[in-house]
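Chemist: Dropping a structure here in structure tokens format, bear with me for questions.
The values are calculated or read from the model by the stated rules, or taken from the named source; none is laboratory data. Bear in mind that the values here come from a model prediction, so they are computed numbers and not experimental data. All Cβ positions, glycine included, derive from the backbone under ideal geometry; neighbour counts span all protein chains shown.
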Amino acid sequence: MAQEKSQLRRRFREERAERFAAMLTGGEGNTPNFMHLLEVPDIREATYVTSYLSVSNEPSTTNLNLALIAAGKTLLLPRVVHPNLEWVVWIGDSAMLRECRGLREPIGEAIAELSIIDAVIVPALQVDEQGYRMGQGGGYYDRSLPKMSGWKVGIIYAEELSTTSLPREAHDVALDAVATPTEVFRFR
């Protein structure tokens, strides 16, 4: 299964890179901003929301993260403490970020209690119609998601919603929903 997942990740990354390049050369400019997530009751009613800082050709979370803060949410961003993620409050100040292993990570004290998290915004390369995601392969979210009881939503481009089941293992946690640039699809 590991080899199958590795091959799929490579293919999904190549497809995303092609789509992203076409988006930029097609005059679309920046990637979609996913602001419609703010209208979803699970986000609108949340107090503590986790997100992430998108990199490269991932769907951008920049405007969404700032809008969550502006809406009064306590935004938590991940920091890698191998082999896990820990979550740090971020108030939108870029001076409170550091570069580590090619990723921007928040500076500050991590929260200890994950049960306070109401909504979890998750990166993905693909999500299938049962809510199972394929990530980048580090397993960080695979280890974190089971510890979080909040509503879980992946962010992908529309073409990355798979109509065929993705390979999954016993530790994989299904998302509650996935957001594309224009819609939110609920699985449960």
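Chemist: Could you run through the stretch 25-39 and say how many residues are at pLDDT below 80 and within 13 Å of residue 59 (Cα to Cα)?
Modeler: Result for the stretch 25-39: 4.
Chemist: Output the number of the condition that residue 168 fails; it satisfies all remaining conditions of (1) within 15 Å of residue 49 (Cα to Cα); (2) more than 16 Å from the chain's Cα centre (by Cα); (3) among the basic types (Lys, Arg).
Modeler: Condition (1) is where residue 168 drops out.
Chemist: Just to be sure I understand the filter: pairs with C-beta atoms under 6 Å, separated by 6 or more residues or on different chains, first member in the stretch 86-103 and surrounded by 10 or more Cβ atoms within 10 Å (Cβ to Cβ), second member assigned to a helix (DSSP H, G or I). Which pairs pass?
Modeler: 92/66; 92/69
Chemist: Further question on the same structure: Could you pull out the residue among 62, 50 that is at pLDDT 95 or above, of a type in the set (Val, Ile, Thr) and under 20 Å from residue 97 (Cα atoms)?
Modeler: Only one candidate passes the filter, namely 50.
Chemist: Restricting attention to the stretch 54-80, report how many residues are in a loop (DSSP other than H, G, I, E, B) and surrounded by 19 or more Cβ atoms within 10 Å (Cβ to Cβ).
Modeler: 4
Chemist: State whether one or more residues within the stretch 176-188 are in a loop (DSSP other than H, G, I, E, B), in contact (Cβ under 8 Å) with a residue 40 or more places away in the chain and of a type in the set (Lys, Arg).
Modeler: Yes: one or more hits.
Okay, residues lined up against (1) over 20 Å from residue 176 (Cα atoms); (2) among the hydroxyl-bearing types (Ser, Thr, Tyr); (3) within 19 Å of the chain's Cα centre (by Cα):
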residue: 5; (1), (2), (3): yes, no, yes
residue: 23; (1), (2), (3): yes, no, no
residue: 32; (1), (2), (3): yes, no, yes
residue: 41; (1), (2), (3): no, no, yes
residue: 51; (1), (2), (3): no, yes, yes
residue: 54; (1), (2), (3): yes, yes, yes
residue: 79; (1), (2), (3): yes, no, yes
residue: 96; (1), (2), (3): yes, no, no
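Chemist: Right, something else. What's the number of the only condition in (1) under 16 Å from residue 34 (Cα atoms); (2) in contact (Cβ under 8 Å) with a residue 40 or more places away in the chain; (3) surrounded by 13 or more Cβ atoms within 10 Å (Cβ to Cβ) that residue 159 fails to meet?
Modeler: (3) is the only condition that residue 159 fails.
Chemist: Could you figure out which of (1) within 20 Å of residue 58 (Cβ to Cβ); (2) buried (at least 17 other Cβ atoms within 10 Å of the Cβ); (3) touching a Ser or Thr at 6+ places or on another chain (Cβ under 6 Å) isn't true of residue 180?
Modeler: (3)
Chemist: Does residue 49 qualify as being part of a strand (DSSP E or B), touching a residue at least 60 places away in the same chain (Cβ under 8 Å) and surrounded by fewer than 19 Cβ atoms within 10 Å (Cβ to Cβ)?
Modeler: No; evaluated as a whole, the condition is false for this residue.
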